[in-house]
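The values are calculated or read from the model by the stated rules, or taken from the named source; none is laboratory data. Model, not experiment: these values are computed from the prediction. Using ideal geometry, Cβ is built from the backbone for each residue, glycine included, and neighbour counts are taken over all protein chains shown. Heavy atoms of the whole protein, side chains included, go into the accessibility calculation; ligands, DNA and RNA do not. Shrake-Rupley method; radii C 1.70, N 1.55, O 1.52, S 1.80 Å.
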Amino acid sequence: MECLGCRIANGIEPNLNIVYENELITCVLDIAPFNEGHTLILPKKHYRDVEEMESETAYAIMDAS
Ligand SMILES: [Zn+2]
């Protein structure tokens, strides 16, 4: 997997602070946070643009946020 976002979302990168995860998305604490609790919500499937995303994944992101 060459995309950093996908490697993080799929747990391939080391030292992740995962705060929530389901079959579609992973939420991790940012390694360089803008503020306390800065969390990234990443889809497990690779998308080049948000327009490519299925509504199921988009809703999962909104629910997690
Ligand atoms: Zn990717």
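With every protein chain left in place, what is the accessible area of Asp63 in Å² (1.4 Å probe, nearest 10)?
130 Å²
Taking the Cα centre of the stretch 4-64 as origin and charging only Cβ (+1 Lys, Arg; -1 Asp, Glu), how large is the dipole, in debye to the nearest 20?
The calculated dipole for the stretch 4-64 is roughly 220 debye.
I need the per residue convex hull volume for the chain, using only the alpha carbons, in cubic angstrom as a whole number.
95 Å³
What figure, in Å² to the nearest 10, do you get for the accessible area of Met53 with a 1.4 Å probe and non-protein molecules left out?
Result for Met53: roughly 40 Å² accessible.
Over the chain, average the accessible area per residue using a 1.4 Å probe and give it in Å², no decimals.
Here the per-residue accessible area is 75 Å².
Between Asp49 and Asn15, 0.36 nm times their residue separation minus their Cα-Cα distance comes to what? The partial results should precede the final answer.
Details: separation 34, 0.36 × 34 = 12.24 nm, distance 2.71 nm.
Computed gain between Asp49 and Asn15 is 9.5 nm.
Order Val28, Val50, most accessible first, counting only protein heavy atoms with a 1.4 angstrom probe.
On the way: Val28 5, Val50 105 Å².
Per-residue accessible area, sorted high to low, gives Val50, Val28.
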